[in-house]
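The values are calculated or read from the model by the stated rules, or taken from the named source; none is laboratory data. It should be emphasised that the depicted structure is a prediction, and the values quoted were computed from it without experimental measurement. Cβ: placed from backbone, ideal geometry, glycine included. Neighbour counts: every protein chain shown. The protein model used for the area step is the full one, side chains on, heavy atoms only, and it has no ligands, DNA or RNA in it. Shrake-Rupley method; radii C 1.70, N 1.55, O 1.52, S 1.80 Å.
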Amino acid sequence: MTFEQQKLVPARDENLKNGAFTVINGEYTKNFNVYIVGEQHEEATKHIMMLLDRSTDNVLSFGIKMGAQKKFGVSIWDEADIPEEFRA
């Protein structure tokens, strides 16, 4: 986890407790789940899935993650960075 991500942990945990997250399964993320966390998680997930459908390699890339985070104000976390009680 990066220093920047550590600053987001309290907000991430609050959103996880409130159910404000979506899980994208390993089919798109090289065999590990990714969590889209934040108020607009559903919109961000729809946007990401649309971009994945249009991509040639169909893999969640750094650019797609960063674009969704900026556009929708969400944070995107690898499953390893999510507390056990919230993992799918």
| said: Here is a list: GLU27, GLU4, GLU43, GLU14. Which entry is charged (D, E, K, R) and in contact with a helix residue (DSSP H, G or I) (Cβ under 7 Å, 6 or more places away or on another chain)? | reply: GLU43
| task | May I ask you to verify whether GLU39 is modelled with pLDDT of 95 or more, surrounded by 13 or more Cβ atoms within 10 Å (Cβ to Cβ), over 11 Å from the mean Cα position of the chain (by Cα) and part of a loop (DSSP other than H, G, I, E, B)? | result | yes
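Given the residues ASP57, ASP53, which is the only one that is charged (D, E, K, R) and part of a loop (DSSP other than H, G, I, E, B)? Can you show your working first?
Working: ASP53 fails: part of a loop (DSSP other than H, G, I, E, B).
Selected residue: ASP57, the only one of ASP57, ASP53 that is charged (D, E, K, R) and part of a loop (DSSP other than H, G, I, E, B).
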| query | Which condition breaks for GLN5 when tested against (1) at pLDDT 90 or above; (2) open to solvent by less than 50 Å² (accessible area, probe 1.4 Å); (3) in contact with an Asp or Glu (Cβ under 8 Å, 6 or more places away or on another chain)? | reply | (1)
| message | Pull out all pairs, ordered by first then second residue, where Cβ-Cβ is under 6 Å, the residues are six or more apart or on different chains, the first lies in region 61-88 and is within 12 Å of LEU16 (Cβ to Cβ) and in contact (Cβ under 8 Å) with a residue 60 or more places away in the chain, and the second is assigned to a strand (DSSP E or B) and hydrophobic (A, V, I, L, M, F, W, C). | response | SER75/VAL37; ALA88/VAL23
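Out of THR22, THR56, I need the residue that is of a type in the set (Val, Ile, Thr), at pLDDT 95 or above and over 19 Å from THR2 (Cβ atoms). Which one? Working first, answer last.
Values: THR56 fails: at pLDDT 95 or above.
Just one listed residue meets the conditions, THR22.
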